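A short write-up of the structure that comes next.
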Amino acid sequence: MYRTHTCGELRKDHAGAAVTLAGWVQTVRKFGSITFVDLRDRYGITQLLFGEELNKELAENPPGREFVLQVKGTVTERTNKNPNIPTGDIEINVTSFKTLNKSVTPPFTIQDDTDGGDDLRMKYRYLDLRRNAVKKNLELRYAVNRAARNYLHEQQFMDIETPFLIKSTPEGARDFVVPSRMNQGQFYALPQSPQTFKQLLMVSGYDRYYQVVKCFRDEDLRADRQPEFTQIDCEMSFVEQEDILNMFEGMIKYIFKAVKNIDYTEKVERMTWEQAMWQYGNDKPDIRFGMKLLNLKSAFILSNGDAAPTGQLINGAGFGVFDNAETVLAIAVPGCSEYTRKQTDELTEWVKRPQIGMQGLVFVKYNTDGTLKSSVDKFYNEEKLKAIAAAAGAKPGDLILILAGREERTRKAISELRLEMGRRLGLRKENEFKLLWVLDFPLFEYAEEDNRWVARHHPFTSPKPSDISVMIDNNPLIENAEKYLEHPYSNIKANAYDMVLNGNEIGGGSIRIYQRELQEKMFAALGMSPEEALHKFGFLLGAFEYGAPPHGGIAFGFDRLCAILGGSESIRDFIAFPKNNSGRDVMLDAPSTIDDKQLEELSIALKGTTHA
Ligand code: ASP
């Protein structure tokens, strides 16, 4: 037997017991004739004491960092206890030891505050994984995985595996393709998601399916993405949107409780996509704080009937920047009216950064004494400023920030600025979790390059029942590209939903199309000829003719969910063997070239390569 206990297990109660431990050497400290070794395994660290009688053996086999040792000895209560570790009350009085394996000096120290940089730690990921910080993340990942499975199992979901070597499933990214030796000149695609399979499983009658599954998307890796990532992928039959929202709200709350011991009892907030865009400037708002956007340029009414708060407050005052802008958007930042010149200058620089791309920033200070002061006093008298402040919901003490420019860019910029101010003011608290459903997305997006419609979610998403006829009765052709917004298709809403957690999209799904005719119409709307639709998705269209039930589903970004629950920005920290920002595995040095023989077998000739 290699060990009787783990290195995290022994306590005062074990004093006197004869034990055998095995693990890695964390540190070696010599004090005169005695030597202390901290022995580490997955469960913790235990202090070993080597007395004088072992000096000769130690001299012959000196243990070094990361050596694998097996020791036999007696548990003794320490005189000098260490309250910082669970085993700190005891140590092992070693009677004999054996070096099971040696280690060369590791390239970085394996402890919480390591001296290893990112690249080095990725190259030696198997050593990095020995560190506590990384281990905790993987433990959390496993806890989330287990909780999700438990919940779904209790709800009668069945885990069914789907294949990886398939034909394209469009989710908006490029496919990774795999050549086939047995079918030369032909290629599989790796699934961007199991979307079509889970729908086929519904046709087969497995009315509650789930899988914790790898998905592969060849996309640009900015913004903390991985070319292969994991989803909690789910599908249900005989459901409407409301059923899905309730079921998966339940799952996330269950995970919160199981993993973080959080009772998320309140109802998850809901908001339409339109509301999210108008009030927060993006479709995954962080609602841990307010600071909602105000459109100063024109009045608007939301489709849910909320009246827009402003009229023509600013037009025609002679201030060209506002008068000529497509849009003027403002936020009221609480308690910042006393910002100094230096601080406002810095904010101006912040919005001018290329990532934000604005020309400038306008301020209105709503002083605590009720007076107003702005960088555009010349054009707007106090009366007007007051009206702006009131419309923006500002209170004395607030600083109103205003951006003007092209609609899309300005909306994006003010949304970023809002998040930045939220962060600076400590309003985005790490241990506060706020869930949100964003609903009623547009079904289509306009793709300027090809002058056609693309599916905003994916081509299997159904329109809202009331919009089905709009889709059927109208020709998808966009005759006037400039006026695509006037095309009836731009107003069609999808039966789709996203779950947002603290400003991150953690899940998304939809109620699906389940009738062949509507699915064909959808493919046609996306510019596919009937032949192309048959070639790519004939199997699905065929299946819809054999009694496909109404169905819908959702998929959660498992890596991202873990990262947020673990209080980290980076999903890489929660993946055992992640790829770097260029999609490379630096440990394996993959992707890599393959030899000529393999290429020959696959009947593939390379056109030329940039990689030696
Ligand atoms: N397959 C979708 C995705 O990966 C999720 C879904 O519609 O269920 O985003």
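Observations on the model:
- Among helices (runs of 4 or more DSSP H) entirely within the range 316-434, having at least 2 residues that are touching a residue at least 12 places away in the same chain (Cβ under 8 Å) and touching a helix residue (DSSP H, G or I) at 6+ places or on another chain (Cβ under 9 Å) singles out 341-352, 407-424.
- All positions within the range 435-485 that are small (Gly, Ala, Ser) and either away from the ligand (no atom under 16 Å from the Cβ) or assigned to a loop (DSSP other than H, G, I, E, B) (or both): 447, 462, 466, 469, 481
- Any hit, the range 548-561, residues being surrounded by fewer than 18 Cβ atoms within 10 Å (Cβ to Cβ), modelled with pLDDT of 95 or more and of a type in the set (D, E, K, R): no
- Boolean, residue 539 is at pLDDT 95 or above, touching a strand residue (DSSP E or B) at 6+ places or on another chain (Cβ under 9 Å) and not basic (Lys, Arg): no
- Inter-residue pairs, beta-carbon under 6 Å, first under 20 Å from residue 499 (Cα atoms) and in contact (Cβ under 8 Å) with a residue 24 or more places away in the chain and in the range 554-582, second hydroxyl-bearing (Ser, Thr, Tyr) and assigned to a strand (DSSP E or B), 6+ apart: 558/230; 559/230
- Subset of the range 212-239 [over 19 Å from residue 576 (Cα atoms) and either part of a strand (DSSP E or B) or within 12 Å of the ligand (Cβ to nearest atom) (or both)]: 218, 233, 234, 235, 236, 237
- Condition check for residue 196: within 15 Å of the ligand (Cβ to nearest atom), at pLDDT below 95 and of a type outside the set (Lys, Arg): no
- Where a residue in the range 146-172 is closer than 22 Å to residue 534 by Cβ and part of a loop (DSSP other than H, G, I, E, B) and its partner, wherever it lies, is among the polar types (S, T, N, Q) and within 14 Å of the ligand (Cβ to nearest atom), with Cβ under 6 Å and at least six apart: 169/192; 169/193; 169/195; 169/196; 171/192; 171/193
- Pairs with Cβ under 9 Å, 6+ apart, first in the range 507-518 and within 24 Å of residue 255 (Cα to Cα) and assigned to a strand (DSSP E or B), second β-branched (Val, Ile, Thr) and near the ligand (Cβ under 8 Å from one of its atoms): 507/554; 508/554; 509/461; 509/554; 510/461; 510/554; 511/461
- Residues that are farther than 20 Å from residue 457 by Cβ and of a type in the set (A, V, I, L, M), drawn from the range 252-290: 255, 258, 259, 262, 287
- Residue check for residue 447: among the small types (Gly, Ala, Ser) and buried (at least 20 other Cβ atoms within 10 Å of the Cβ): no
- Strands (runs of 3 or more DSSP E) contained in the range 1-93 and holding at least 1 residues exposed (fewer than 15 other Cβ atoms within 10 Å of the Cβ): 18-31, 34-41, 68-77
- Residue check, residue 480 within 23 Å of residue 525 (Cβ to Cβ), touching a helix residue (DSSP H, G or I) at 6+ places or on another chain (Cβ under 6 Å) and at pLDDT below 95: no
- Condition check for residue 149 on (1) in contact with a Lys or Arg (Cβ under 7 Å, 6 or more places away or on another chain); (2) away from the ligand (no atom under 14 Å from the Cβ); (3) among the charged types (D, E, K, R): one failure, at (1).
- Residue that is loosely packed, with under 15 Cβ neighbours inside 10 Å and assigned to a helix (DSSP H, G or I), where the choices are 274, 266, 242: 242
- Among all positions in the range 504-519, there is at least one residue which is modelled with pLDDT of 95 or more, more than 16 Å from the ligand (Cβ to nearest atom), at negative phi and touching a helix residue (DSSP H, G or I) at 6+ places or on another chain (Cβ under 8 Å).
- Within the range 165-184, considering residues that are within 14 Å of the ligand (Cβ to nearest atom) and modelled with pLDDT of 95 or more, the one surrounded by the fewest Cβ atoms within 10 Å (Cβ to Cβ): 166
The values are calculated or read from the model by the stated rules, or taken from the named source; none is laboratory data. The shown structure was predicted, so the numbers you read here are calculated from the model rather than taken from an experiment. Counting neighbours? That spans all protein chains shown, and the Cβs are built from the backbone with ideal geometry, glycine included.
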